[in-house]
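Notes to accompany the following structure.
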Amino acid sequence: MQNEENNKKHWLKKFWHKYRLVIMQEDTFEEKLSFRLSRLNVFVVVSLLAIVLVSATTYLIAYTPLKQYIPGYSNVQLEEDLYEQVKKTDSLTRVIHSRELYLENLRNVLHGNTDALVDTVLSNRDTTRRYKDIEFNKSPEDSILRKKIQKLDKYNLVYYDNEYQNKSYNNQTSIRNFFFFPPLTGRVTNGFNTQKRHYGVDVVAKDNDAIKATLDGRVIIANWTLRTGYVIALMHKNNVISVYKHNASLLKEQGETVKAGEPIAIYGNTGELTTGPHLHFEVWHNGSPVNPREYMSFQ
């Protein structure tokens, strides 16, 4: 036991022993530099150098661009750019898909295949959202306006029974014999011009006026578009399609049948391609646009 204690004391004394580190010139043995050291001093200095080296390396990896060159670390800016590109690609895919559905619906309408129509609103819904949990609260102003518009249908003077439709619509080869109900009473500010790619007429009227169906038909499009706002389109007999754009809101849904003169939308000012409140109204026959003013008066 005593020998072990003596060995420990002897080792501790060696830890504190002083040594001299001398640097001499090899040829002349001239002393150039010397240091007084101990084992404790050497241990402390080496430990401090190791701590500084580890800290500097950690800082370079965490806070400088040098970490990009270390295997296993990714480029943060590259990941952000990639994420933005993925979002843009997803948005473009949705837009292309929506346009494909729109063109498919239009082809089905022109061929009279209304049973194959696709609901573009439901097809473009975000599947990650729970639409059933959304609550729609109508304002008192909206309810009053809807009741006012719905009452207008009671004074519709145009009546078509099944016998009239079978005798008239099915035997007509020209739409000039049709009785078109004007969708709105107002002033035409921009007329039909195919050279300027304006395939309808712009009608200005009073605020919150009701937009009415020009003929009996079925709603084939009732949707929101970025350029033309709330749009509703109707399919009629003899391959006639009527389109109503820039509405404030829609009163009918896709697939519903309507009568001539029945309110289908509310006059408004929605979409990017509008400079003020107006109705853009188009009539298409056999896939070609026709001038609505040749078949009805808006005064």
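Details
- Residue count for segment 21-56, restricted to those that are of a type in the set (S, T, N, Q), part of a helix (DSSP H, G or I) and exposed (fewer than 11 other Cβ atoms within 10 Å of the Cβ): 2
- Which listed residue, of Leu60, Leu110, Leu117, is hydrophobic (A, V, I, L, M, F, W, C), modelled with pLDDT of 75 or more and surrounded by 10 or more Cβ atoms within 10 Å (Cβ to Cβ): Leu60
- The one condition in (1) closer than 22 Å to Asn238 by Cα; (2) modelled with pLDDT of 90 or more; (3) not basic (Lys, Arg) that Ser174 fails to fulfil: (2)
- Total residues in segment 196-244, condition within 23 Å of Asn286 (Cβ to Cβ), of a type outside the set (Gly, Ala, Ser), assigned to a strand (DSSP E or B) and within 30 Å of the chain's Cα centre (by Cα): 13
Every residue, every condition in (1) polar (S, T, N, Q); (2) surrounded by fewer than 17 Cβ atoms within 10 Å (Cβ to Cβ); (3) at pLDDT 95 or above; (4) out of contact with any helix residue (DSSP H, G or I) (no Cβ under 9 Å at 6 or more places or on another chain), yes or no:
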| residue | (1), (2), (3), (4) |
| --- | --- |
| Ile221 | no, no, no, no |
| Asn239 | yes, yes, no, no |
| Gln254 | yes, no, no, no |
| Thr275 | yes, yes, no, yes |
| Val290 | no, no, no, no |
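- Single residue of Ala248, Ala265 found to be among the small types (Gly, Ala, Ser), at pLDDT 90 or above and crowded, with 21+ Cβ neighbours inside 10 Å: Ala265
- 3 or more residues more than 28 Å from Gln195 (Cβ to Cβ): qualifying strands (runs of 3 or more DSSP E) within segment 252-295: 263-266
- If you go through segment 182-210 and keep only what is of a type in the set (Val, Ile, Thr) and at pLDDT below 90, you end up with just Thr194.
The values are calculated or read from the model by the stated rules, or taken from the named source; none is laboratory data. Source: prediction; values computed, not measured. Methodologically, a virtual Cβ is constructed for each residue, glycine included, from the backbone with ideal geometry; neighbour enumeration extends over all protein chains shown.
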